[in-house]
2 protein chains.
Amino acid sequence: MDKRPTSRDVARAAGVSQSTVSIVLAGKAEGRVKPETRQAVHEAARRLGYRPNLAARNLRLGRTRTVLLVVPTLTGPVFGPIYAGAAEVAAARGFGLIVHPWPDDAGPARSQVDTQAIEGVLASSIVGGVTDFGDLPVVLMDSDPAAPAPTINFDVAGGMRAIAGHLAALGHRRIGHLAAAVDAWTFRVRGEALADAFPGALVRRTTAIDVAAARQAALDLLDRPDRPSALVCDDDVIAAGAYKAARALGLDIPGDLSVTGFDDVLLATALEPELTTVRLPAEQLGAAAMTALLEVLDDHRPSGVSLPGELIARRSTAPPAGS
Amino acid sequence: MDKRPTSRDVARAAGVSQSTVSIVLAGKAEGRVKPETRQAVHEAARRLGYRPNLAARNLRLGRTRTVLLVVPTLTGPVFGPIYAGAAEVAAARGFGLIVHPWPDDAGPARSQVDTQAIEGVLASSIVGGVTDFGDLPVVLMDSDPAAPAPTINFDVAGGMRAIAGHLAALGHRRIGHLAAAVDAWTFRVRGEALADAFPGALVRRTTAIDVAAARQAALDLLDRPDRPSALVCDDDVIAAGAYKAARALGLDIPGDLSVTGFDDVLLATALEPELTTVRLPAEQLGAAAMTALLEVLDDHRPSGVSLPGELIARRSTAPPAGS
DNA sequence: AGGCTTCCGTCATACGTATCACCGATCGGT
DNA sequence: ACCGATCGGTGATACGTATGACGGAAGCCT
């Protein structure tokens, strides 16, 4: 690991001063440096394989042009597209984007945040309320809009209304709602959106977002004389649990029971029958959030955004048995 | 965004010199600074909310103590645990860990790599062969051991042998192998491990790792008079495709056909019946890889490692029909 | 008492970059 | 021919930190 060349080495090689190298490579040479000199600098830099030292640049400028994307865990189907959307917007503005998983304890990321290595934070699905990033600008994604920071959200309510409309159009009158065990805000919003179309929905909240817990909750909703003809699940994973419960009770999907999910993850098409669900524009979410954060960094105040999802009707929904 | 305090501000507040602050906060004050002075420095730093400037430190030290974890995409079930394992080892040695998705084009990450903001790279499942990280130390995970860098791998061959043994013990004699469309090395290793127990296995390679492609390939293997009694799939997602094919042909799992997966992702327990598969020690993989990388940074040469997986027998495998 | 340690800290400096303040030379205008 | 402006660069400096060289004061030994 030999030392990498500095701008001074480039300067020597090109026969100019270090200042000139800096100016030329920053693209600020317009009208201040002769074209042939510019050429010589570029040539020397290329020949030596010069790369600016980021630490020195950051120190000098007092800024890093880097944003941190905080996700609760790397393993989640939406984070890839969110990253892609955010990274594209960031790159277009000359910003870098770093990803950092932020588990509950909130420990590891502190070093990055505390040391001013970043200028802002994009936080996704932070339900635990760990939103203390010092005084750094923050934009929240998929979080309670009542939070003291701009929020960019999926239009969850709209998605639920789309599902409700779909089921109502098929003729369903009595439904069950398998709610995910997340924050109170999401729970309320989803419930209210559903209540508009189905005032008397049966509701069960799972103890966790996993198949086994969802199966148990679904059994509770289905194993009764007045069971609903459709089950609205807050999440595709929860829908998988509902499938298991239906099979255990000998109920056919969609013959005896319609089931809907949310998110349209891989699972949705792996299940049999394939799941009717709502696809969320994760990439747009990332892009919108990054745009908002850059606004904040420019001292503007961004407006909250809510991005509509798209109903994907598959084979897990059908008219109820009696119709 | 007011200016953050520097070590000089702390020094002024504590009535000492900046050097002393640096020494004390670095923990190198043993025997060189009076305990009460140390106390005063810590107190002042705490009161002012001092955080060292990472850029300045990196510039001064010429190193960043930061490692980059490169993943092909954020969305993948193993990357969370891999990160967790690597991060823990890194933290114990005072290193930071940054995650960077590295899509095929290899563009965005270059800035991080080129500017010496990192000291080494941990690359996971880089099948595309994009292993050009300049002259930075690299450790590869889940990659061809023939690569010109240390590799830390799952013991894929061992996992396949475990599956083969499981099926052989159940009495299966004729099996099919649904191979994933990945690199040639993986394809060969898996095939060979299987061939030891089942010399005449039927093999189909899917065109992509997705449910629809796997379903098609599985149909090809199953829709024949001499169809195998068990289907070994290189991946849980592929197994989901096999489930669909079996259902389309009216075959019961595991009555008419046993199916196995690989990876033990969420999908494995969401399917019905639950999938027999191999669980991989992703967290250990991350830890082992980070350990190896730190060895390289210390100018040692780490030995390649191969981590065994664990057979998880569930309901998708049973003795063949005729036995 | 004088010299040698040990203790407790300070001074000065360098890391590599970007930028502000200059400055010599050339050139156009009158 | 002289002045001001424009061109094409250079010199010096500061960002905040870590550290090697240095040094005053006090204690110990002979």
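Summary table below
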quantity: Cβ-placed point charges (K, R +1; D, E -1), dipole of chain B about Cα centre in debye, nearest 20; calculated: 1340
quantity: Listed residues B:216, B:284, B:39, most fluctuating in chain B (Gaussian network, C-alpha, under 10 Å); calculated: B:39
quantity: Accessible carbon and sulfur surface of the stretch B:156-280 relative to its total accessible area, %, 1.4 Å; calculated: 52
quantity: Counting DSSP beta bridges with both ends in chain A, the antiparallel % (nearest 5); calculated: 10
quantity: The stretch A:182-262: trypsin sites (Lys or Arg not before Pro) in DSSP coil with no more than 11 other Cβ atoms inside 10 Å; calculated: none
quantity: Principal semi-axes in Å for the stretch B:7-52 [√(5λ), Cα gyration tensor, largest first]; calculated: 15, 10, 9
quantity: Shielding by partners, peptide B:83-95 (average Cβ within 10 angstrom, other chains); calculated: 2
quantity: Principal-axis tilt of helix A:184-197 within chain A, Cα atoms, nearest 10 degrees; calculated: 50
quantity: Inter-copy label distances at residue B:91 (7 Å, Cα→Cβ; nm, one decimal); calculated: 3.1
quantity: Inter-centroid distance (Cα atoms) of the stretch B:155-201 relative to the stretch A:31-73, Å; calculated: 50
quantity: Which of B:72, A:250, B:52, positive extreme of dipole for the protein assembly as shown (C-beta unit charges); calculated: B:52
quantity: 5 angstrom amide H check on residue B:278, placed H, neighbours 5+ away; calculated: B:261, B:262, B:263, B:264, B:312
quantity: Antiparallel DSSP beta bridges within the protein assembly as shown, percent to nearest 5; calculated: 10
quantity: Rounded to the nearest 20 debye, dipole of the protein assembly as shown from Cβ charges on Lys, Arg, Asp, Glu; calculated: 2060
quantity: Using a 7 Å Cα-to-Cβ projection, residue A:224 label spacings across copies, nm, ascending; calculated: 5.2
quantity: Compactness of the protein assembly as shown, expressed as Rg and Dmax over alpha-carbon positions, Å; calculated: 28.3, 89
quantity: For chain B, built as a Gaussian network whose Cα springs stay under 10 Å, the top-fluctuating residue of B:164, B:217, B:29; calculated: B:29
quantity: Size of electric dipole in the stretch B:156-280: Cβ of Lys, Arg +1 and of Asp, Glu -1, about Cα centre, debye, nearest 20; calculated: 320
quantity: Cα-Cα separations in chain B greater than 36 Å, expressed as whole percent; calculated: 37
quantity: Between helix A:79-92 and chain A: long-axis angle, C-alpha atoms, 0 to 90°, nearest 10; calculated: 30
quantity: Anchor residue A:34: lysines whose Cα lies under 26 Å away (excluding residues fewer than 8 positions away in-chain); calculated: none
quantity: Accessible-area order (highest first, 1.4 angstrom probe) of the listed residues A:57, A:8, A:38; calculated: A:8, A:57, A:38
quantity: Chain A: calculated mean residue ellipticity at 222 nm from DSSP helix runs of at least 4, using -39500 (n - 2.57); calculated: -12500 deg cm²/dmol
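The values are calculated or read from the model by the stated rules, or taken from the named source; none is laboratory data. Everything quoted here is computed from the prediction, not taken from an experiment. Neighbour counts run over all protein chains shown; Cβ positions are idealised from the backbone, glycine included. Surface areas here come from the heavy atoms of the whole protein model, side chains and all, with no ligands, DNA or RNA. Shrake-Rupley method; radii C 1.70, N 1.55, O 1.52, S 1.80 Å.
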